[in-house]
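Beneath this line is the structure, given in C-alpha coordinates, with notes to follow.
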Amino acid sequence: MANSVTEDNRDRKSGSLEVDDQLVDDISALLQSDERGMLMNLIADLHPADLADLISHLSLEDAQLLFDRLPTDVGGDVLTELDSTLRAALLEESRPDRISEMLDTLDTDDATDILGDLSDEMAEEVLDGLEDAEHVRELLSYDEESAGGIMQREYVPALRSLTVAEVTEEVRRLAETIEPIYAVYVIDEAGVLLGVVSLKQLLLSPATARIDSLMRTDFEAVTTEVDQEEVARIMERYDLVVLPVVDAAGRLIGRITIDDVVDVIREEAEEDLQLMSGVSGGEAASDSVFRILRGRLPWLMIGLVGAGLSGLVIGSFEDALKAAVVLASFLPIMMATAGNVGIQSSSIVVQGLASGDVWSSDVVRRMGKETAVALVNGLSLASVLALSIIVLPILIPSASVLIVHPVHLAITAGLSLMAIVLLATVIGTVVPILLHRVGIDPALATGPFITTLNDILGLTVYFLIATFVYL
(Lines give C-alpha, C1' and ligand atoms only; values in the text may rest on other atoms or scores of the structure.)
Protein backbone atom coordinates (compact mmCIF):
# COMPACT_ATOMS: atom_id res chain seq x y z
CA MET A 1 0.00 0.00 0.00
CA ALA A 2 2.83 2.43 0.86
CA ASN A 3 4.25 2.31 -2.64
CA SER A 4 0.92 3.20 -4.25
CA VAL A 5 0.29 5.89 -1.68
CA THR A 6 3.67 7.42 -2.35
CA GLU A 7 3.03 7.56 -6.07
CA ASP A 8 -0.44 9.05 -5.59
CA ASN A 9 0.78 11.80 -3.27
CA ARG A 10 4.15 12.49 -4.88
CA ASP A 11 4.47 15.95 -6.34
CA ARG A 12 5.67 15.39 -9.89
CA LYS A 13 7.68 18.60 -9.97
CA SER A 14 9.56 18.44 -6.70
CA GLY A 15 9.42 14.72 -5.93
CA SER A 16 8.12 15.40 -2.41
CA LEU A 17 4.89 14.22 -0.86
CA GLU A 18 1.83 16.44 -0.93
CA VAL A 19 0.05 16.66 2.41
CA ASP A 20 -3.64 16.11 1.71
CA ASP A 21 -6.62 14.16 3.04
CA GLN A 22 -5.49 10.98 1.27
CA LEU A 23 -2.08 11.08 2.90
CA VAL A 24 -3.65 11.73 6.31
CA ASP A 25 -5.90 8.68 5.88
CA ASP A 26 -2.97 6.52 4.74
CA ILE A 27 -0.77 7.60 7.64
CA SER A 28 -3.59 6.91 10.08
CA ALA A 29 -4.05 3.42 8.62
CA LEU A 30 -0.32 2.67 8.91
CA LEU A 31 -0.30 3.89 12.52
CA GLN A 32 -3.25 1.72 13.46
CA SER A 33 -1.70 -1.36 11.82
CA ASP A 34 1.70 -0.57 13.39
CA GLU A 35 3.51 -0.68 10.03
CA ARG A 36 6.51 1.27 11.29
CA GLY A 37 8.83 0.56 8.38
CA MET A 38 6.32 1.61 5.76
CA LEU A 39 5.32 4.62 7.86
CA MET A 40 8.86 5.96 8.21
CA ASN A 41 9.57 5.32 4.52
CA LEU A 42 6.48 7.29 3.56
CA ILE A 43 7.29 10.37 5.66
CA ALA A 44 11.07 10.29 5.21
CA ASP A 45 11.12 13.09 2.63
CA LEU A 46 8.62 15.37 4.34
CA HIS A 47 9.84 18.77 5.51
CA PRO A 48 9.30 19.39 9.26
CA ALA A 49 6.69 22.05 8.40
CA ASP A 50 4.78 19.50 6.29
CA LEU A 51 5.10 16.92 9.04
CA ALA A 52 3.64 19.43 11.50
CA ASP A 53 0.77 20.09 9.07
CA LEU A 54 0.19 16.34 8.79
CA ILE A 55 0.22 15.85 12.56
CA SER A 56 -2.23 18.71 13.11
CA HIS A 57 -4.76 16.96 10.81
CA LEU A 58 -4.56 13.60 12.59
CA SER A 59 -6.60 12.64 15.61
CA LEU A 60 -4.80 13.39 18.86
CA GLU A 61 -4.18 9.67 19.42
CA ASP A 62 -2.65 9.19 15.96
CA ALA A 63 -0.72 12.45 16.25
CA GLN A 64 0.86 11.20 19.47
CA LEU A 65 1.76 7.86 17.88
CA LEU A 66 3.42 9.54 14.88
CA PHE A 67 5.24 12.11 17.00
CA ASP A 68 6.64 9.39 19.27
CA ARG A 69 8.08 7.58 16.25
CA LEU A 70 9.95 10.59 14.86
CA PRO A 71 13.75 10.76 15.21
CA THR A 72 14.93 13.18 17.87
CA ASP A 73 16.29 15.84 15.52
CA VAL A 74 13.20 15.69 13.28
CA GLY A 75 10.88 15.80 16.30
CA GLY A 76 12.58 18.97 17.54
CA ASP A 77 12.12 20.73 14.21
CA VAL A 78 8.48 19.61 14.04
CA LEU A 79 7.81 21.07 17.51
CA THR A 80 8.78 24.54 16.32
CA GLU A 81 6.15 24.33 13.55
CA LEU A 82 3.19 23.18 15.68
CA ASP A 83 0.74 25.57 17.31
CA SER A 84 1.23 25.86 21.05
CA THR A 85 -1.97 24.04 22.08
CA LEU A 86 -1.28 20.88 20.09
CA ARG A 87 2.42 21.03 20.98
CA ALA A 88 1.64 21.13 24.68
CA ALA A 89 -0.79 18.20 24.35
CA LEU A 90 1.84 16.05 22.60
CA LEU A 91 4.63 16.93 25.02
CA GLU A 92 2.56 16.25 28.12
CA GLU A 93 2.46 12.60 27.01
CA SER A 94 6.18 12.45 26.21
CA ARG A 95 9.10 11.53 28.47
CA PRO A 96 11.04 14.51 29.88
CA ASP A 97 14.38 13.02 28.80
CA ARG A 98 13.16 12.67 25.19
CA ILE A 99 11.92 16.27 25.22
CA SER A 100 15.33 17.39 26.52
CA GLU A 101 17.06 15.54 23.67
CA MET A 102 14.82 17.22 21.11
CA LEU A 103 15.27 20.70 22.58
CA ASP A 104 19.06 20.26 22.59
CA THR A 105 18.90 20.15 18.78
CA LEU A 106 17.18 23.56 18.63
CA ASP A 107 18.27 27.16 19.07
CA THR A 108 17.76 28.50 22.57
CA ASP A 109 14.89 30.80 21.54
CA ASP A 110 12.92 27.91 20.07
CA ALA A 111 13.67 25.73 23.09
CA THR A 112 12.43 28.52 25.36
CA ASP A 113 9.17 28.92 23.44
CA ILE A 114 8.47 25.20 23.71
CA LEU A 115 9.28 25.05 27.43
CA GLY A 116 6.79 27.85 27.98
CA ASP A 117 4.00 25.53 26.82
CA LEU A 118 4.74 22.91 29.48
CA SER A 119 3.54 22.67 33.06
CA ASP A 120 5.99 24.06 35.62
CA GLU A 121 6.82 20.58 36.93
CA MET A 122 7.57 19.08 33.52
CA ALA A 123 9.44 22.19 32.37
CA GLU A 124 11.74 21.88 35.37
CA GLU A 125 12.40 18.20 34.62
CA VAL A 126 13.17 19.01 30.98
CA LEU A 127 15.45 21.89 31.98
CA ASP A 128 17.49 19.62 34.21
CA GLY A 129 18.34 17.49 31.18
CA LEU A 130 19.27 20.33 28.80
CA GLU A 131 22.88 20.95 27.82
CA ASP A 132 22.28 24.72 27.61
CA ALA A 133 19.97 24.95 30.63
CA GLU A 134 21.59 28.14 31.98
CA HIS A 135 20.91 30.18 28.84
CA VAL A 136 17.40 28.80 28.48
CA ARG A 137 16.57 29.66 32.09
CA GLU A 138 17.75 33.19 31.43
CA LEU A 139 15.53 33.50 28.37
CA LEU A 140 12.55 32.19 30.34
CA SER A 141 12.95 35.11 32.74
CA TYR A 142 12.12 37.63 30.01
CA ASP A 143 8.64 38.64 28.92
CA GLU A 144 7.75 36.29 26.07
CA GLU A 145 6.62 39.23 23.92
CA SER A 146 9.81 41.24 24.42
CA ALA A 147 13.11 41.27 22.54
CA GLY A 148 14.60 39.17 25.33
CA GLY A 149 11.78 36.65 24.98
CA ILE A 150 12.28 36.07 21.24
CA MET A 151 16.07 36.37 20.98
CA GLN A 152 18.48 33.45 20.72
CA ARG A 153 21.76 33.24 22.60
CA GLU A 154 23.66 31.72 19.68
CA TYR A 155 25.81 34.25 17.80
CA VAL A 156 29.40 34.71 16.60
CA PRO A 157 31.36 37.19 18.78
CA ALA A 158 34.84 38.45 17.92
CA LEU A 159 37.25 40.44 20.07
CA ARG A 160 38.28 43.64 18.32
CA SER A 161 41.96 42.63 18.31
CA LEU A 162 41.42 39.49 16.21
CA THR A 163 42.33 39.23 12.54
CA VAL A 164 40.04 38.25 9.70
CA ALA A 165 41.76 34.84 9.49
CA GLU A 166 41.13 34.16 13.20
CA VAL A 167 37.51 35.27 13.02
CA THR A 168 36.93 33.20 9.88
CA GLU A 169 38.24 30.15 11.70
CA GLU A 170 35.86 30.89 14.57
CA VAL A 171 32.95 31.11 12.12
CA ARG A 172 33.91 27.70 10.73
CA ARG A 173 34.05 26.25 14.24
CA LEU A 174 30.63 27.59 15.22
CA ALA A 175 28.89 26.94 11.88
CA GLU A 176 27.72 23.52 13.06
CA THR A 177 25.85 24.91 16.05
CA ILE A 178 24.80 28.39 14.86
CA GLU A 179 22.51 28.60 11.88
CA PRO A 180 22.14 30.81 9.97
CA ILE A 181 25.18 33.08 10.38
CA TYR A 182 24.57 36.52 8.95
CA ALA A 183 27.21 38.60 10.70
CA VAL A 184 30.03 38.68 13.23
CA TYR A 185 29.68 40.95 16.27
CA VAL A 186 32.80 42.81 17.38
CA ILE A 187 33.06 43.22 21.16
CA ASP A 188 35.56 44.53 23.66
CA GLU A 189 37.00 42.61 26.61
CA ALA A 190 33.90 43.46 28.69
CA GLY A 191 31.54 42.11 26.05
CA VAL A 192 30.25 45.54 24.97
CA LEU A 193 29.08 45.54 21.36
CA LEU A 194 31.32 47.80 19.27
CA GLY A 195 30.34 47.02 15.71
CA VAL A 196 29.05 44.53 13.14
CA VAL A 197 30.84 42.84 10.23
CA SER A 198 28.72 41.09 7.61
CA LEU A 199 29.70 37.59 6.54
CA LYS A 200 30.21 38.83 2.97
CA GLN A 201 32.59 41.56 4.09
CA LEU A 202 34.50 39.08 6.24
CA LEU A 203 35.04 36.69 3.33
CA LEU A 204 36.15 39.46 0.95
CA SER A 205 38.66 41.11 3.32
CA PRO A 206 42.44 40.40 3.63
CA ALA A 207 43.21 37.63 6.11
CA THR A 208 45.65 39.82 8.06
CA ALA A 209 43.29 42.78 8.55
CA ARG A 210 42.05 43.45 12.08
CA ILE A 211 38.34 42.86 12.48
CA ASP A 212 37.73 46.23 14.15
CA SER A 213 39.01 47.99 11.01
CA LEU A 214 36.15 46.44 9.04
CA MET A 215 33.28 46.82 11.47
CA ARG A 216 30.29 49.06 10.89
CA THR A 217 29.56 51.18 13.94
CA ASP A 218 26.24 52.68 12.81
CA PHE A 219 24.35 49.47 13.60
CA GLU A 220 20.85 49.03 15.06
CA ALA A 221 20.45 47.20 18.37
CA VAL A 222 17.70 46.75 20.96
CA THR A 223 17.61 46.04 24.66
CA THR A 224 15.83 43.03 26.14
CA GLU A 225 12.72 44.90 27.31
CA VAL A 226 11.78 46.32 23.88
CA ASP A 227 8.39 45.01 22.72
CA GLN A 228 8.45 42.43 19.94
CA GLU A 229 6.23 44.63 17.75
CA GLU A 230 8.81 47.42 17.96
CA VAL A 231 11.52 44.89 17.06
CA ALA A 232 9.54 43.91 13.97
CA ARG A 233 9.10 47.58 13.01
CA ILE A 234 12.84 48.26 13.34
CA MET A 235 13.81 45.27 11.23
CA GLU A 236 11.21 46.15 8.59
CA ARG A 237 12.19 49.83 8.48
CA TYR A 238 15.92 49.20 8.07
CA ASP A 239 15.63 46.01 5.98
CA LEU A 240 17.50 43.90 8.56
CA VAL A 241 17.76 40.12 8.58
CA VAL A 242 19.32 40.01 12.04
CA LEU A 243 19.26 42.39 15.01
CA PRO A 244 21.64 42.26 18.01
CA VAL A 245 20.26 42.43 21.54
CA VAL A 246 22.22 44.14 24.32
CA ASP A 247 21.75 44.68 28.03
CA ALA A 248 21.53 48.04 29.79
CA ALA A 249 25.33 48.34 29.77
CA GLY A 250 25.55 47.68 26.02
CA ARG A 251 26.92 44.16 26.41
CA LEU A 252 25.93 41.75 23.64
CA ILE A 253 23.68 38.99 24.94
CA GLY A 254 21.81 37.64 21.89
CA ARG A 255 20.37 38.22 18.45
CA ILE A 256 16.97 38.17 16.75
CA THR A 257 16.76 36.69 13.26
CA ILE A 258 14.28 37.43 10.50
CA ASP A 259 12.48 34.07 10.88
CA ASP A 260 11.57 35.01 14.46
CA VAL A 261 10.27 38.39 13.31
CA VAL A 262 8.13 36.80 10.59
CA ASP A 263 6.52 34.69 13.32
CA VAL A 264 5.95 37.82 15.41
CA ILE A 265 4.33 39.68 12.52
CA ARG A 266 2.04 36.75 11.80
CA GLU A 267 1.08 36.28 15.45
CA GLU A 268 0.39 39.98 15.99
CA ALA A 269 -1.66 40.19 12.80
CA GLU A 270 -3.69 37.13 13.79
CA GLU A 271 -4.21 38.51 17.29
CA ASP A 272 -5.37 41.90 15.99
CA LEU A 273 -7.69 40.28 13.45
CA GLN A 274 -9.25 38.12 16.16
CA LEU A 275 -9.70 41.08 18.50
CA MET A 276 -11.31 43.05 15.69
CA SER A 277 -13.68 40.13 15.13
CA GLY A 278 -14.63 39.82 18.78
CA VAL A 279 -12.33 36.91 19.67
CA SER A 280 -9.65 37.12 22.35
CA GLY A 281 -7.02 34.78 23.70
CA GLY A 282 -5.21 33.85 20.47
CA GLU A 283 -7.61 31.15 19.31
CA ALA A 284 -6.02 28.28 17.34
CA ALA A 285 -7.57 25.50 15.28
CA SER A 286 -6.51 22.87 17.82
CA ASP A 287 -7.99 24.66 20.85
CA SER A 288 -10.54 22.89 23.02
CA VAL A 289 -14.21 23.87 23.01
CA PHE A 290 -13.79 25.44 26.46
CA ARG A 291 -10.87 27.63 25.37
CA ILE A 292 -12.72 28.75 22.24
CA LEU A 293 -15.77 29.64 24.35
CA ARG A 294 -13.58 31.57 26.76
CA GLY A 295 -12.31 33.72 23.93
CA ARG A 296 -15.66 34.33 22.25
CA LEU A 297 -18.43 34.32 24.87
CA PRO A 298 -17.35 37.48 26.78
CA TRP A 299 -17.52 39.53 23.58
CA LEU A 300 -20.92 38.10 22.72
CA MET A 301 -22.08 39.06 26.21
CA ILE A 302 -20.82 42.60 25.63
CA GLY A 303 -22.67 42.63 22.30
CA LEU A 304 -25.81 41.39 24.05
CA VAL A 305 -25.59 44.18 26.63
CA GLY A 306 -25.02 46.70 23.85
CA ALA A 307 -28.02 45.40 21.92
CA GLY A 308 -30.08 45.67 25.10
CA LEU A 309 -29.01 49.29 25.54
CA SER A 310 -29.93 49.95 21.90
CA GLY A 311 -33.35 48.48 22.63
CA LEU A 312 -33.72 50.81 25.61
CA VAL A 313 -32.92 53.79 23.37
CA ILE A 314 -35.59 52.71 20.89
CA GLY A 315 -38.07 52.10 23.70
CA SER A 316 -37.48 55.54 25.18
CA PHE A 317 -38.62 57.05 21.88
CA GLU A 318 -41.74 54.90 21.69
CA ASP A 319 -44.00 57.96 21.32
CA ALA A 320 -42.02 59.11 18.30
CA LEU A 321 -42.39 55.69 16.67
CA LYS A 322 -46.13 55.68 17.34
CA ALA A 323 -46.50 59.12 15.86
CA ALA A 324 -44.52 58.20 12.74
CA VAL A 325 -44.16 54.46 12.13
CA VAL A 326 -42.07 55.26 9.05
CA LEU A 327 -39.18 56.23 11.33
CA ALA A 328 -38.70 52.55 12.15
CA SER A 329 -37.98 51.82 8.50
CA PHE A 330 -34.74 53.78 8.70
CA LEU A 331 -33.35 52.12 11.84
CA PRO A 332 -31.41 49.42 9.92
CA ILE A 333 -29.90 52.08 7.65
CA MET A 334 -28.72 54.22 10.56
CA MET A 335 -27.32 51.29 12.57
CA ALA A 336 -25.58 49.62 9.61
CA THR A 337 -24.03 52.87 8.40
CA ALA A 338 -22.78 53.79 11.87
CA GLY A 339 -21.16 50.36 12.25
CA ASN A 340 -19.58 50.39 8.79
CA VAL A 341 -18.14 53.90 9.11
CA GLY A 342 -16.79 53.18 12.58
CA ILE A 343 -15.10 49.97 11.46
CA GLN A 344 -13.54 51.71 8.45
CA SER A 345 -12.04 54.52 10.50
CA SER A 346 -10.88 52.38 13.41
CA SER A 347 -9.36 49.70 11.17
CA ILE A 348 -7.19 52.24 9.34
CA VAL A 349 -6.07 53.85 12.60
CA VAL A 350 -5.30 50.49 14.23
CA GLN A 351 -3.31 49.44 11.17
CA GLY A 352 -1.39 52.72 11.26
CA LEU A 353 -0.64 52.37 14.97
CA ALA A 354 0.59 48.80 14.46
CA SER A 355 2.90 49.77 11.59
CA GLY A 356 4.14 52.94 13.29
CA ASP A 357 2.75 55.23 10.58
CA VAL A 358 0.29 56.76 13.05
CA TRP A 359 1.51 58.01 16.44
CA SER A 360 -0.63 58.52 19.53
CA SER A 361 0.18 62.24 19.29
CA ASP A 362 -1.38 62.36 15.81
CA VAL A 363 -4.95 62.56 17.11
CA VAL A 364 -5.58 66.16 15.98
CA ARG A 365 -4.03 65.75 12.54
CA ARG A 366 -5.72 62.39 12.02
CA MET A 367 -9.07 63.77 13.16
CA GLY A 368 -8.82 66.62 10.64
CA LYS A 369 -8.26 64.23 7.76
CA GLU A 370 -10.94 61.77 8.89
CA THR A 371 -13.44 64.59 9.44
CA ALA A 372 -12.91 65.84 5.88
CA VAL A 373 -13.49 62.31 4.57
CA ALA A 374 -16.57 61.93 6.81
CA LEU A 375 -18.07 65.18 5.56
CA VAL A 376 -17.82 64.08 1.94
CA ASN A 377 -19.06 60.55 2.71
CA GLY A 378 -21.87 61.82 4.92
CA LEU A 379 -23.01 64.40 2.41
CA SER A 380 -23.00 61.82 -0.40
CA LEU A 381 -24.91 59.19 1.58
CA ALA A 382 -27.36 61.73 3.02
CA SER A 383 -28.09 63.15 -0.44
CA VAL A 384 -28.80 59.71 -1.89
CA LEU A 385 -31.08 58.81 1.04
CA ALA A 386 -32.96 62.13 1.02
CA LEU A 387 -33.45 62.02 -2.74
CA SER A 388 -34.73 58.45 -2.53
CA ILE A 389 -37.31 59.45 0.10
CA ILE A 390 -38.62 62.30 -2.10
CA VAL A 391 -38.65 60.29 -5.31
CA LEU A 392 -40.10 57.06 -3.91
CA PRO A 393 -43.74 58.28 -3.49
CA ILE A 394 -43.62 59.61 -7.07
CA LEU A 395 -42.38 56.32 -8.52
CA ILE A 396 -44.50 54.15 -6.22
CA PRO A 397 -47.78 55.96 -5.36
CA SER A 398 -48.69 53.36 -2.72
CA ALA A 399 -45.62 54.44 -0.72
CA SER A 400 -47.22 57.83 -0.11
CA VAL A 401 -49.46 56.20 2.51
CA LEU A 402 -46.40 55.48 4.65
CA ILE A 403 -44.24 58.45 3.68
CA VAL A 404 -46.09 61.52 4.92
CA HIS A 405 -44.44 64.89 4.41
CA PRO A 406 -41.58 63.42 2.32
CA VAL A 407 -39.53 66.63 2.32
CA HIS A 408 -39.49 66.81 6.12
CA LEU A 409 -38.71 63.09 6.31
CA ALA A 410 -35.91 63.49 3.77
CA ILE A 411 -34.38 66.32 5.80
CA THR A 412 -34.68 64.27 8.99
CA ALA A 413 -33.09 61.15 7.52
CA GLY A 414 -30.40 63.10 5.66
CA LEU A 415 -29.37 65.15 8.69
CA SER A 416 -29.41 62.08 10.89
CA LEU A 417 -27.23 60.08 8.50
CA MET A 418 -24.81 62.99 8.14
CA ALA A 419 -24.51 63.35 11.91
CA ILE A 420 -24.12 59.61 12.43
CA VAL A 421 -21.32 59.37 9.85
CA LEU A 422 -19.44 62.21 11.57
CA LEU A 423 -20.01 60.74 15.03
CA ALA A 424 -18.94 57.23 14.01
CA THR A 425 -15.80 58.62 12.35
CA VAL A 426 -14.82 60.51 15.49
CA ILE A 427 -15.33 57.43 17.65
CA GLY A 428 -13.51 55.14 15.22
CA THR A 429 -10.53 57.51 15.06
CA VAL A 430 -10.18 58.74 18.63
CA VAL A 431 -10.90 55.57 20.62
CA PRO A 432 -8.03 53.45 19.17
CA ILE A 433 -5.54 56.29 19.70
CA LEU A 434 -6.68 56.83 23.29
CA LEU A 435 -6.45 53.10 24.03
CA HIS A 436 -2.94 53.06 22.53
CA ARG A 437 -1.94 55.99 24.73
CA VAL A 438 -2.92 54.15 27.92
CA GLY A 439 -1.20 50.94 26.85
CA ILE A 440 -4.24 48.93 25.72
CA ASP A 441 -4.22 47.08 22.39
CA PRO A 442 -6.08 49.44 20.03
CA ALA A 443 -7.48 46.45 18.12
CA LEU A 444 -9.98 46.21 20.98
CA ALA A 445 -11.53 49.40 19.62
CA THR A 446 -12.81 47.66 16.51
CA GLY A 447 -15.38 44.95 16.02
CA PRO A 448 -18.12 44.59 18.64
CA PHE A 449 -16.86 47.49 20.75
CA ILE A 450 -17.13 50.13 18.01
CA THR A 451 -20.27 48.63 16.49
CA THR A 452 -22.14 48.56 19.80
CA LEU A 453 -21.09 52.08 20.79
CA ASN A 454 -22.03 53.48 17.39
CA ASP A 455 -25.41 51.73 17.46
CA ILE A 456 -26.34 53.28 20.79
CA LEU A 457 -25.14 56.80 19.99
CA GLY A 458 -26.38 56.67 16.39
CA LEU A 459 -29.91 55.70 17.42
CA THR A 460 -29.96 58.45 20.04
CA VAL A 461 -28.91 61.08 17.48
CA TYR A 462 -31.45 59.78 14.95
CA PHE A 463 -34.42 59.96 17.31
CA LEU A 464 -33.42 63.34 18.71
CA ILE A 465 -33.24 64.85 15.22
CA ALA A 466 -36.50 63.13 14.24
CA THR A 467 -38.22 64.53 17.34
CA PHE A 468 -37.21 68.12 16.59
CA VAL A 469 -37.46 68.10 12.79
CA TYR A 470 -40.10 65.60 11.69
CA LEU A 471 -42.62 65.33 14.51
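Taking every residue in segment 13-24 that is modelled with pLDDT under 55 and pairing it with any residue that is in a helix (DSSP H, G or I), at least 6 positions away or on another chain, the pairs with Cβ-Cβ distances below 9 Å are S16/D50. Looking across segment 116-134, the residues that are acidic (D, E) and assigned to a helix (DSSP H, G or I) come down to D120, E121, E124, E125, D128, E134.
Being exposed (fewer than 12 other Cβ atoms within 10 Å of the Cβ) and either touching a residue at least 12 places away in the same chain (Cβ under 8 Å) or among the charged types (D, E, K, R) (or both) is the filter here; which residues of segment 306-320 pass it? If the condition is that a residue be exposed (fewer than 12 other Cβ atoms within 10 Å of the Cβ) and either touching a residue at least 12 places away in the same chain (Cβ under 8 Å) or among the charged types (D, E, K, R) (or both), then E318, D319 are the ones that fit.
Picking from R87, R153, which residue would you name as being more than 22 Å from Y182 (Cβ to Cβ) and out of contact with any Phe, Trp or Tyr (no Cβ under 8 Å at 6 or more places or on another chain)?
On the way: R153 fails: more than 22 Å from Y182 (Cβ to Cβ).
Just one listed residue meets the conditions, R87.
Only one of the listed residues (T80, T105) is surrounded by fewer than 18 Cβ atoms within 10 Å (Cβ to Cβ), at pLDDT 90 or above and within 30 Å of I234 (Cα to Cα). That residue is T105.
What's the total number of residues in segment 28-59 that are part of a helix (DSSP H, G or I) and either hydroxyl-bearing (S, T, Y) or under 32 Å from the mean Cα position of the chain (by Cα) (or both)? Please lay out each step first, then the result.
Let us first name the residues in segment 28-59 that are part of a helix (DSSP H, G or I), namely 28-32, 36-43, 48-56.
Still in the list and also either hydroxyl-bearing (S, T, Y) or under 32 Å from the mean Cα position of the chain (by Cα) (or both): 28, 43, 48-56.
Here the count works out to 11.
Candidates are the residues of segment 322-351 that are modelled with pLDDT under 80 and within 20 Å of L385 (Cβ to Cβ); the one that is surrounded by the fewest Cβ atoms within 10 Å (Cβ to Cβ) is V325. Collect the residues in segment 435-465 that are in a helix (DSSP H, G or I), free of Cβ contacts under 8 Å to residues at least 24 places away in the same chain and under 30 Å from the mean Cα position of the chain (by Cα), keeping them in residue-number order. L435 - this is the single residue of segment 435-465 that is in a helix (DSSP H, G or I), free of Cβ contacts under 8 Å to residues at least 24 places away in the same chain and under 30 Å from the mean Cα position of the chain (by Cα). Among the numbered criteria (1) more than 17 Å from the chain's Cα centre (by Cα); (2) within 30 Å of D227 (Cα to Cα); (3) part of a helix (DSSP H, G or I); (4) at pLDDT 75 or above, which one does R294 miss? It fails just one condition, (4).
Of everything listed in (1) under 32 Å from the mean Cα position of the chain (by Cα); (2) not assigned by TED's automatic domain parsing to the domain that holds V126, the single unmet condition for L140 is (2).
Listed here are the residues, each with its yes/no results for (1) without any contact (Cβ under 8 Å) to a residue 24 or more places away in the chain; (2) out of contact with any helix residue (DSSP H, G or I) (no Cβ under 7 Å at 6 or more places or on another chain); (3) assigned to a loop (DSSP other than H, G, I, E, B); (4) of a type in the set (A, V, I, L, M, F, W, C).
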position: V136; (1), (2), (3), (4): no, no, no, yes
position: L139; (1), (2), (3), (4): no, no, no, yes
position: D143; (1), (2), (3), (4): no, no, yes, no
position: Y155; (1), (2), (3), (4): no, yes, yes, no
position: A158; (1), (2), (3), (4): no, no, no, yes
position: S161; (1), (2), (3), (4): no, yes, yes, no
position: A165; (1), (2), (3), (4): no, yes, no, yes
position: E170; (1), (2), (3), (4): yes, yes, no, no
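Residues in segment 83-99 that are assigned to a helix (DSSP H, G or I) and either under 25 Å from L42 (Cα atoms) or at pLDDT 95 or above (or both): L86, R87, A89, L90, L91, R98, I99. Scanning segment 126-140 for residues that are among the acidic types (D, E) and surrounded by 16 or more Cβ atoms within 10 Å (Cβ to Cβ) yields D132, E138.
Taking the criterion of being buried (at least 17 other Cβ atoms within 10 Å of the Cβ) and over 31 Å from the mean Cα position of the chain (by Cα), the residues of segment 211-229 that qualify are I211, D212, L214, M215.
Sub-6 Å Cβ pairs linking a first residue in segment 253-278 that is under 26 Å from T223 (Cβ atoms) to a second residue that is surrounded by fewer than 19 Cβ atoms within 10 Å (Cβ to Cβ) and modelled with pLDDT under 85, at least 6 apart or interchain, are E271/G282, ordered by first then second residue.
Taken over segment 176-202, the residue count meeting the criterion of being in contact with a Pro (Cβ under 9 Å, 6 or more places away or on another chain), on the phi < 0 side of the Ramachandran plot and in contact (Cβ under 8 Å) with a residue 60 or more places away in the chain is 2. Between Y155, Y142, Y182, the distinction of being under 26 Å from V231 (Cα atoms), out of contact with any Ser or Thr (no Cβ under 9 Å at 6 or more places or on another chain) and at pLDDT 90 or above belongs to Y155 only.
Is one or more of the residues making up segment 268-289 more than 23 Å from I348 (Cα to Cα), modelled with pLDDT under 85 and assigned to a helix (DSSP H, G or I)? Yes, segment 268-289 contains a residue that is more than 23 Å from I348 (Cα to Cα), modelled with pLDDT under 85 and assigned to a helix (DSSP H, G or I).
Within segment 53-77, the residues that satisfy the criterion of being surrounded by fewer than 16 Cβ atoms within 10 Å (Cβ to Cβ) and either among the hydroxyl-bearing types (S, T, Y) or farther than 23 Å from D20 by Cβ (or both) are S59, D68, P71, T72, D73. In a residue-by-residue description of segment 378-396, the property of being at pLDDT below 80, assigned to a helix (DSSP H, G or I) and closer than 30 Å to M235 by Cα applies to no position.
The values are calculated or read from the model by the stated rules, or taken from the named source; none is laboratory data. It should be emphasised that the depicted structure is a prediction, and the values quoted were computed from it without experimental measurement. Ideal geometry is used to build each Cβ from the backbone, glycine not excepted, and the neighbour counts take in all protein chains shown.
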